[in-house]
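**Student:** Supplied in structure tokens, the structure appears directly below.
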Amino acid sequence: MKRIVLTAMIAAACCLSAKAQIRLPAYDSRINPQLLDSWSGPKVYNNDRWSASWITSPDADAEYGVYFFRKTLSLSAKPAQFIINVSADNRYKLYVNGVQVAHGPAKGDVRNWNFDTVDIAPWLDKGDNVVAAVVWNFASQRPVALMSRGQMGFLVQGNSEAERALDTGRSWKVIRSDAYSPGAVSVRGYYAAGATDRVDGSRYPWGWQLEGFDDSSWPAARTLTRAALKGAGDYSAWYLVPRPIPPMEIKPVEMARDLDGNIIPAGKTVEFLIDNTELTTGYPRLYFSGGEGAEITLSYAEALYEPDGPQNAKGDRNATEGKVFVGYNDVITADGGSGRCFEPLWWRTWRYLKLTVRGGSKTLRIDSLRAVSSMYPFQSESSFSAPEDPSLQKMLDIGWRTARLCAHETYMDCPYYEQLQYFGDARVQALVTMYNTRDTCMVRNLLEQGRQSMTADGLTMSRYPSHLPQDIAPYALFWLNTCHDWWMYRGDEAYLQTLLPAMRSVISWFGQFLGPDNLLHHVPTWNFADWADLTNGSFPIDARGRSAYLDLIYILALRDAAEMEDAFGNPQLAEEYRNTAWKETAAARAAYWYEERKLFSDDGDLTNFSQHINSLAILADLVTGADSSELMRRTLSDDSLRPCTIYFRYYLQRAMVHSGNGNLLLDNLDVLRDQMALGLTTWAEKPEPSRSDCHAWGSSPNVEFFRTVLGIDAAAPGFRKVRISPCPGSLKEVSGSIPHPAGTISARYKVSADGRLDATVTLPDGIDGTIVWKGRSAKLSPGPNKLTLLQ
């Protein structure tokens with residue numbers, strides 16, 4: 001049940017009325033599930049130059065602008081199929097006879113500019129049809145994640161001779177809208193998601209998508225250049241590539257219906273606060289009538305703020321009394337017409353939505369407020385059950401929602417503030433994908449965009465796509481680790497082999513900073529690690545330019561790179577990488593170990609200590625066996641250590657398993673329980689106070705509950721062999737399943753008081769493995785396996 005609160009009203013003239021019967025415009029009320037259900041991948045048009053040209057408006061410039069395109073298509077019969085390829089710069093929404101049928105293109109860069117392939121036949125009829133598009137160029141106010149050639153362009157290419165009637169050229173009409181202007185954004189903390197919308201309804205060409213609209217005054221489009229696929233010779237425009245991912249999932253979002261039919265008298269101001277009860281991403285759709293001159297504002301917030309205390313303190317996310325609303329907004333000025341609908345050009349993020357109406361010269365009616373979600377179409381294929389602790393399922397639900405809201409056309413750090421794909425964050429997100437879905441597109445897209453971001457220096461950028469360059473050298477190593485993760489859980493050696501030159505470049509870049517002592521020195525760039533109690537998230541560098549963090553993650557990357565080179569690359573390089581890693585491991589053990597505290601220090605000065613560095617030291621095998629286990633327990637129990645925040649707990653959890661302490665995982669989830677107690681429905685960027693309430697780098701339980709608690713892990717690349725090593729902690733009964741390239745792996749365990757494990761494990765056909773329990777092991781065969789292991 002959605003909550004709606006009348007938070008303020010001037011001249012008390014509004015009440016919540018009963019739900020009205022509203023006739024909604026077809027072009028806004030119809031959802032198009034076929035965009036997902038019928039998607040089977042793009043069809044490539046294989047000529048060097050396409051027959052269609054990129055087009056623009058005669059008055060287009062490099063500044064902010066929103067443009068409407070139209071073309072009438074006459075057909076002698078309704079076609080069974082009508083496939084077109086569509087793209088734009090910056091973005092487009094495509095309509096056929098008033099129904100929105102596609103939007104895009106998927107994010108890329110100018111040398112990898114995506115086009116969408118759409119079969120529009122379901123929305124075409126015999127006779128005249130209108131194909132229309134809104135295209136926008138946000139110029140300098142576009143999101144940082146949105147790359148551009150610097151000019152507005154629109155493209156439609158028919159997939160065959162019959163369909164080329166829709167090829168873009170001078171037969172298309174276009175007008176630049178003077179209804180739109182960019183909305184300024186004022187939020188707390190770094191924001192990179194672009195301008196919002198301000199729309200003057202009196203200047204908006206209502207009905208422009210529909211047949212019968214008078215476009216006689218619209219000028220013909222201006223052609224720019226013929227379109228071409230990537231690889232075309234002597235070409236300086238957009239290098240087209242097929243969209244590598246499916247369309248976004250678009251589904252109705254249940255919104256509070258109490259607003260339906262509300263009447264706002266002339267000159268009055270009212271304000272409604274709507275609690276969606278959980279965070280969501282999508283397109284709100286406000287239907288309204290009348291109210292000439294009224295100003296309608298839709299404001300969006302992840303949470304409400306405390307009036308006092310730290311800047312980002314929000315407290316109980318369910319509480320509204322006495323809280324402060326801070327968020328970005330869209331503003332619409334009503335023109336007085338009936339059946340109007342506003343939908344923002346780009347999707348929004350909100351739990352709390354505030355609707356403010358400042359009445360105009362006439363009464364305004366709020367016909368309804370609706371919304372559709374927008375996110376990557378992941379389908380969960382995992383299951384988990386722990387009857388003794390229902391809170392674990394709630395954690396998985398929160399983590400899955402977080403992962404979904406942080407995945408659109410790319411993975412992204414957060415949906416509200418930045419919408420950027422960071423390669424450190426995305427490693428966790430990719431593992432969530434592999435452990436919970438059968439999707440094969442998103443992780444590959446991540447790896448490919450890492451390659452595309454490579455600079456001449458030899459590093460990936462920290463984030464990509466991004467028109468604002470940013471270097472975080474450690475994130476290039478985490479991109480390489482993600483390549484290794486993909487190999488272990490999905491195989492795909494032929495594709496990964498194409499990425500080896502990029503991986504070698506990353507390893508080589510770091511190698512230039514190795515000193516005679518076999519440690520890294522004076523590594524440039526922002527060496528971000530975690531939003532812990534660190535200066536700008538970076539570990540200290542000692543007087544000799546050394547950092548344990550950089551040495552340890554380089555060791556881990558060298559080992560991953562060596563394994564891949566051995567398997568499908570250059571075995572000589574693999575040996576070189578192993579030798580370098582061995583030398584650096586010995587050097588790091590000597591340089592950073594502090595015997596008095598029996599801990600590894602953050603740097604060679606031996607004055608700063610953290611959970612982060614000791615977790616990485618365990619993973620890098622600076623200590624092994626009983627020493628590793630003892631170090632892990634000290635790392636968890638010593639309150640003087642700088643603690644990992646939400647992101648870096650992924651590596652803390654992996655260190656627990658690596659040291660033989662996986663059973664401690666469920667006892668170390670307090671940071672997440674604290675967030676649940678605050679009413680968060682997604683994992684925040686860091687412990688309170690936090691800028692962002694939704695950061696998928698916190699979704700590691702959606703990996704580790706399966707990989708650690710159920711103990712399901714790959715024992716060979718491509719998950720071709722399985723190792724089961726359950727770590728249920730104090731749980732006496734736990735079960736679950738995960739998707740596997742060959743089917744499904746399921747496991748059910750019961751632990752008796754004497755430590756005996758009764759297990760039922762089912763492996764896919766053709767897959768075998770091993771189960772390990774407290775030092776004992778047994779072989780697993782394809783199909784169901786029932787066995788008992790004693791302590």
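The values are calculated or read from the model by the stated rules, or taken from the named source; none is laboratory data. What you see is a predicted model, and the numbers here were worked out from it, not measured in a lab. Cβ atoms come from the backbone with ideal geometry, glycine included; neighbour counts cover every protein chain shown. Areas reflect the complete protein model, heavy atoms only, side chains present, ligands, DNA and RNA absent. Shrake-Rupley method; radii C 1.70, N 1.55, O 1.52, S 1.80 Å.
**Student:** Exactly one condition in (1) open to solvent by 40 Å² or more (accessible area, probe 1.4 Å); (2) touching a Cys at 6+ places or on another chain (Cβ under 7 Å) is not met by LEU496; state its number.
**Tutor:** That leaves (1) as the condition not met.
**Student:** Moving to a separate point now. Mind checking whether some residue in the stretch 199-219 is at pLDDT 95 or above, crowded, with 19+ Cβ neighbours inside 10 Å, over 30 Å from MET461 (Cβ atoms) and among the aliphatic types (A, V, I, L, M)?
**Tutor:** yes
**Student:** Condition first: without any contact (Cβ under 8 Å) to a residue 24 or more places away in the chain, assigned to a strand (DSSP E or B) and touching an Asp or Glu at 6+ places or on another chain (Cβ under 8 Å). Now tell me which residues in the stretch 750-791 satisfy that.
**Tutor:** Selection gives LYS750, VAL751, LYS779, GLY783.
**Student:** Could you tell me whether any residue of the stretch 573-586 is open to solvent by less than 20 Å² (accessible area, probe 1.4 Å), in contact with a strand residue (DSSP E or B) (Cβ under 6 Å, 6 or more places away or on another chain) and under 25 Å from TYR650 (Cβ atoms)?
**Tutor:** no
**Student:** Just to be sure before I move on: is ASP627 surrounded by 23 or more Cβ atoms within 10 Å (Cβ to Cβ) and either of a type in the set (A, V, I, L, M) or at negative phi (or both) in the structure I sent?
**Tutor:** Details: surrounded by 23 or more Cβ atoms within 10 Å (Cβ to Cβ): no; either of a type in the set (A, V, I, L, M) or at negative phi (or both): yes.
The answer is no for ASP627.
**Student:** A further question on this structure: How many of the residues in the stretch 106-163 are out of contact with any strand residue (DSSP E or B) (no Cβ under 8 Å at 6 or more places or on another chain), acidic (Asp, Glu) and within 30 Å of PRO469 (Cβ to Cβ)?
**Tutor:** Counting residues in the stretch 106-163 that are out of contact with any strand residue (DSSP E or B) (no Cβ under 8 Å at 6 or more places or on another chain), acidic (Asp, Glu) and within 30 Å of PRO469 (Cβ to Cβ) gives 1.
**Student:** Something else about it: Is there a residue being free of Cβ contacts under 8 Å to residues at least 60 places away in the same chain, open to solvent by less than 20 Å² (accessible area, probe 1.4 Å), over 30 Å from the mean Cα position of the chain (by Cα) and closer than 21 Å to GLY424 by Cα anywhere in the stretch 546-560?
**Tutor:** yes
**Student:** For residues that are among the hydroxyl-bearing types (Ser, Thr, Tyr), open to solvent by less than 30 Å² (accessible area, probe 1.4 Å) and assigned to a loop (DSSP other than H, G, I, E, B), scanning just the stretch 431-489, find the one that is nearest to ALA742 (Cα to Cα). Break it down stepwise before answering.
**Tutor:** To start, the set of residues in the stretch 431-489 that are among the hydroxyl-bearing types (Ser, Thr, Tyr) comprises 433, 435, 437, 440, 453, 455, 460, 462, 464, 466, 475, 482, 489.
Checking the rest, the ones that are also open to solvent by less than 30 Å² (accessible area, probe 1.4 Å) come to 433, 435, 437, 453, 460, 462, 464, 466, 475, 482, 489.
Narrowing further to those that are assigned to a loop (DSSP other than H, G, I, E, B): 437, 453, 460, 462, 464, 466.
Details: THR437: 13, SER453: 32, THR460: 32, SER462: 34, TYR464: 32, SER466: 36 Å.
The qualifying residue nearest to ALA742 (Cα to Cα) is THR437.
**Student:** Among the residues of the stretch 509-523, which ones are in contact (Cβ under 8 Å) with a residue 24 or more places away in the chain and more than 12 Å from LYS583 (Cα to Cα)?
**Tutor:** TRP509, PHE510, GLY511, HIS521, VAL523
**Student:** Then there's this: Residue pairs, Cβ under 6 Å, 6 or more apart or interchain, first in the stretch 317-339 and free of Cβ contacts under 8 Å to residues at least 60 places away in the same chain and farther than 13 Å from LEU298 by Cβ, second part of a loop (DSSP other than H, G, I, E, B) and aliphatic (A, V, I, L, M). List them.
**Tutor:** Listed by first residue and then by second, the contacts come to LYS323/LEU304.
**Student:** Given the options LYS323, LYS394, LYS354, name the one that is at pLDDT 95 or above, closer than 15 Å to ARG285 by Cα and open to solvent by 30 Å² or more (accessible area, probe 1.4 Å). Steps first, please.
**Tutor:** Numbers: LYS323 fails: closer than 15 Å to ARG285 by Cα; LYS394 fails: closer than 15 Å to ARG285 by Cα.
Exactly one of LYS323, LYS394, LYS354 is at pLDDT 95 or above, closer than 15 Å to ARG285 by Cα and open to solvent by 30 Å² or more (accessible area, probe 1.4 Å), namely LYS354.
**Student:** In the stretch 85-124, which residue that is touching a His at 6+ places or on another chain (Cβ under 8 Å) and over 15 Å from ILE250 (Cβ atoms) is surrounded by the fewest Cβ atoms within 10 Å (Cβ to Cβ)? Full working, then the answer.
**Tutor:** At the first step, the residues of the stretch 85-124 found to be touching a His at 6+ places or on another chain (Cβ under 8 Å) are 91-94.
From the residues that got through so far, the ones that are over 15 Å from ILE250 (Cβ atoms) too are 91-92.
Details: ARG91: 22, TYR92: 25.
The extreme case among them is ARG91.
**Student:** Something else now. Can you confirm whether ALA591 is more than 36 Å from the chain's Cα centre (by Cα), surrounded by 18 or more Cβ atoms within 10 Å (Cβ to Cβ) and small (Gly, Ala, Ser)? Spell out the reasoning first.
**Tutor:** Numbers: more than 36 Å from the chain's Cα centre (by Cα): yes; surrounded by 18 or more Cβ atoms within 10 Å (Cβ to Cβ): yes; small (Gly, Ala, Ser): yes.
Answer is yes for this residue.
**Student:** Mind listing whichever residues of the stretch 229-248 are farther than 30 Å from ASP439 by Cβ and touching an Asp or Glu at 6+ places or on another chain (Cβ under 8 Å)? Give the steps one after another, and end with the answer.
**Tutor:** Filtering the stretch 229-248 for residues farther than 30 Å from ASP439 by Cβ gives 232-237.
Within the stretch 229-248, ALA232, GLY233 meet the criteria.
**Student:** Can you give me the ranges of the helices (runs of 4 or more DSSP H) entirely in the stretch 593-686 with at least 3 residues that are out of contact with any strand residue (DSSP E or B) (no Cβ under 9 Å at 6 or more places or on another chain) and not aliphatic (A, V, I, L, M)? Quick ask: steps written out before the conclusion?
**Tutor:** On the way: elements: 611-619, 625-637, 649-658, 670-677.
Result: 625-637, 649-658, 670-677.
**Student:** Also, quick follow-up: Which residue pairs have Cβ atoms under 7 Å apart, sit 6 or more places apart or on different chains, and have a first residue in the stretch 239-254 that is of a type in the set (Ser, Thr, Tyr) and a second that is open to solvent by 30 Å² or more (accessible area, probe 1.4 Å)?
**Tutor:** That search, which allows pairs on different chains as well, returns TYR239/VAL110; TYR239/ARG111; TYR239/LYS230.
**Student:** Name the one entry in ALA121, ALA106 that is at pLDDT 95 or above, hydrophobic (A, V, I, L, M, F, W, C) and under 11 Å from VAL241 (Cα atoms). Walk me through how you get there before you give the answer.
**Tutor:** Numbers: ALA121 fails: under 11 Å from VAL241 (Cα atoms).
Result of the check over ALA121, ALA106: ALA106.
**Student:** Mind telling me which of the residues ASP413, ASP397, ASP425, ASP389 ends up being touching a residue at least 40 places away in the same chain (Cβ under 8 Å) and in a helix (DSSP H, G or I)? So that I can check it myself, show each step before the final result.
**Tutor:** Values: ASP413 fails: in a helix (DSSP H, G or I); ASP397 fails: touching a residue at least 40 places away in the same chain (Cβ under 8 Å); ASP389 fails: in a helix (DSSP H, G or I).
After ruling out the rest, the residue left standing is ASP425.
**Student:** State all residues of the stretch 745-760 that are among the aliphatic types (A, V, I, L, M) and open to solvent by 40 Å² or more (accessible area, probe 1.4 Å); if no residue qualifies, say none. Write out each step before concluding.
**Tutor:** Going residue by residue through the stretch 745-760, those that are among the aliphatic types (A, V, I, L, M) are 745, 747, 751, 753, 757, 759.
The one that is among the aliphatic types (A, V, I, L, M) and open to solvent by 40 Å² or more (accessible area, probe 1.4 Å): ALA753.
Per-residue answers, yes or no, for (1) out of contact with any strand residue (DSSP E or B) (no Cβ under 8 Å at 6 or more places or on another chain); (2) under 29 Å from PRO377 (Cα atoms); (3) not acidic (Asp, Glu):
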{"site": "TRP208", "(1), (2), (3)": "no, no, yes"}
{"site": "PRO219", "(1), (2), (3)": "no, no, yes"}
{"site": "ILE245", "(1), (2), (3)": "yes, yes, yes"}
{"site": "MET255", "(1), (2), (3)": "no, yes, yes"}
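**Student:** Residues ARG649, ARG654, ARG691: which one is touching an Asp or Glu at 6+ places or on another chain (Cβ under 7 Å), open to solvent by 20 Å² or more (accessible area, probe 1.4 Å) and at pLDDT 95 or above?
**Tutor:** Working: ARG649 fails: touching an Asp or Glu at 6+ places or on another chain (Cβ under 7 Å); ARG654 fails: touching an Asp or Glu at 6+ places or on another chain (Cβ under 7 Å).
None of the other options fit; the residue is ARG691.
**Student:** Any idea how many residues of the stretch 63-80 are outside any strand (DSSP E or B) and surrounded by 13 or more Cβ atoms within 10 Å (Cβ to Cβ)? Quick ask: steps written out before the conclusion?
**Tutor:** To start, the set of residues in the stretch 63-80 that are outside any strand (DSSP E or B) comprises 63-64, 76-80.
Right, trim to surrounded by 13 or more Cβ atoms within 10 Å (Cβ to Cβ) and you get 64, 78-79.
Adding up the residues that qualify gives 3.
**Student:** Just the residues that are aromatic (Phe, Trp, Tyr) and either crowded, with 17+ Cβ neighbours inside 10 Å or closer than 14 Å to ASP330 by Cβ (or both), please, taken from the stretch 174-190. Step through it out loud before you land on a result.
**Tutor:** Filtering the stretch 174-190 down to residues aromatic (Phe, Trp, Tyr) leaves 180, 190.
The one that is aromatic (Phe, Trp, Tyr) and either crowded, with 17+ Cβ neighbours inside 10 Å or closer than 14 Å to ASP330 by Cβ (or both): TYR180.
**Student:** Next up: Taking into account only those residues within the stretch 152-167 that are part of a loop (DSSP other than H, G, I, E, B) and at pLDDT below 95, which is nearest to ASP89 (Cα to Cα)?
**Tutor:** The first filter runs over the stretch 152-167 and keeps only residues part of a loop (DSSP other than H, G, I, E, B), leaving 152, 159-161, 167.
So of that shortlist, the ones also at pLDDT below 95 come out as 159-161.
Working: ASN159: 20, SER160: 24, GLU161: 25 Å.
So, considering only residues that are part of a loop (DSSP other than H, G, I, E, B) and at pLDDT below 95, the one nearest to ASP89 (Cα to Cα) is ASN159.
**Student:** Please specify each residue of the stretch 761-777 satisfying the condition of being in contact with a Leu (Cβ under 8 Å, 6 or more places away or on another chain) and either under 25 Å from ASN702 (Cα atoms) or surrounded by 16 or more Cβ atoms within 10 Å (Cβ to Cβ) (or both).
**Tutor:** Correct list: VAL761, LEU763, ASP768, GLY769, THR770, ILE771, TRP773, LYS774.
**Student:** Of ARG142, ARG170, which residue is surrounded by fewer than 19 Cβ atoms within 10 Å (Cβ to Cβ) and modelled with pLDDT of 95 or more? Let's see the steps before the verdict.
**Tutor:** On the way: ARG142 fails: surrounded by fewer than 19 Cβ atoms within 10 Å (Cβ to Cβ).
Testing whether each residue is surrounded by fewer than 19 Cβ atoms within 10 Å (Cβ to Cβ) and modelled with pLDDT of 95 or more leaves just ARG170.
**Student:** If you scan the stretch 717-734, which residues turn out to be closer than 22 Å to HIS658 by Cα and either in a strand (DSSP E or B) or open to solvent by 40 Å² or more (accessible area, probe 1.4 Å) (or both)? Even if it seems obvious, please write down each step before you answer.
**Tutor:** Taking the stretch 717-734 first, the residues closer than 22 Å to HIS658 by Cα are 717-731, 734.
Answer for the stretch 717-734, where residues must be closer than 22 Å to HIS658 by Cα and either in a strand (DSSP E or B) or open to solvent by 40 Å² or more (accessible area, probe 1.4 Å) (or both): ARG720, LYS721, VAL722, ARG723, ILE724, SER730, VAL734.
**Student:** Something else: Look through VAL709, VAL671 and report the one residue that is of a type in the set (Val, Ile, Thr), more than 21 Å from LEU534 (Cβ to Cβ) and buried (at least 17 other Cβ atoms within 10 Å of the Cβ). Spell out how you get there, then give the answer.
**Tutor:** On the way: VAL671 fails: more than 21 Å from LEU534 (Cβ to Cβ).
Only one candidate passes the filter, namely VAL709.
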